[in-house]
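Some notes on the structure that comes next.
Bear in mind that the values in this text are calculations on the coordinates, not laboratory data. These figures come from a predicted structure and were not determined experimentally. Cβ placement follows ideal geometry from the backbone for every residue including glycine, while neighbour counts extend to all protein chains displayed.
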Amino acid sequence: MKIKKLNEIKRIIRQARKKYNVRVVFTNGCFDLVHLGHISYLQRAKELGDILVVGVNSDSSVRRIKGKPRPITPEKDRAVILAALECVDYVVIFKEDTPLKLIKAIRPDVLVKGADWPKNKVVGYSTVKSYGGQLRLIPFLKGRSTTGLIKKIVKAYRKIL
C-alpha cells in the first residue's frame, strides 16, 4: 500500500536513502476532483527524482483553506486515487494547513509546487534550501483546475437538478 503515516514514510525514506542513495521529491495539495492538470503536474514532479511523496490535505484542512463546501471528495478517496497513479510512490495525509511538518520530517531533495507560487511564498522553501535541497516550480496546464471543473459542473447541471 502506498498510503503511509508520517512515521512510516520517514522510516522508508531513511532506509531508501541509506541503501540506494535515492533522490526524494515532495509535493502537496488538496487534489480534490483529480483532473488532467493534477496528473500532468505529478508526472513532471516524478521526473525530478526517484521517489515521489505526495502530501494530501485532510478534509478538515481543505475546509479551512478552501471553504465549507469543500472537499468534494473525502481524504481517503483522494489518497487512494493518487496512490493508484504510477508516478506516485507514496501518499501521506496531513491535518495541518501547511505541509511544513512533513517537509521537515521527510527532508526532500526537491520540493515541487505550481509555478503560480512566488518562490518566497512556497511553504518549506527556506527549510529545503537550508540543507541544500531545491525548489522546482512546475507550470499548470492552462484551463485545468478543480475550481473551473466545479463551475462547469454547476453550470451544466443547475437546471437539471
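Computing Cα extents along the principal axes in Å directly from the structure and comparing it against (i) 55, 32, 27; (ii) 66, 42, 26; (iii) 58, 32, 27 singles out (iii).
Per residue of the chain, the DSSP helices (runs of n ≥ 4 H) give a summed -39500 (n - 2.57) that works out to -12500 deg cm²/dmol at 222 nm. For segment 26-98, GluC sites (Glu not before Pro) are listed when DSSP marks them as loop and at most 15 other Cβ atoms sit within 10 Å of their Cβ; the list is Glu47, Glu86, Glu96. Taken along the Cα-to-beta-carbon direction at a fixed 7 Å, the label points for Lys10 and Arg44 span 3.2 nm. Specify whether the C-alpha gyration tensor of segment 77-144 places it in the rounded, prolate or oblate class, a ≥ b ≥ c being the square roots of the eigenvalues: rounded for a/c under 1.5, otherwise prolate if a/b is larger than b/c and oblate if not. Since a/c reaches 1.5 but b/c is at least a/b, the shape of segment 77-144 is classed as oblate.
Sketch the reach of a paramagnetic label on Thr127 as a point 7 Å from Cα along Cα-to-Cβ, and name the residues of segment 15-41 whose backbone nitrogen lies under 18 Å away. The answer is 24-30, whose backbone nitrogens lie closer than 18 Å to the label point. Against the chain, whose longest principal axis comes from its Cα atoms, helix 36-46 is set at around 0 degrees.
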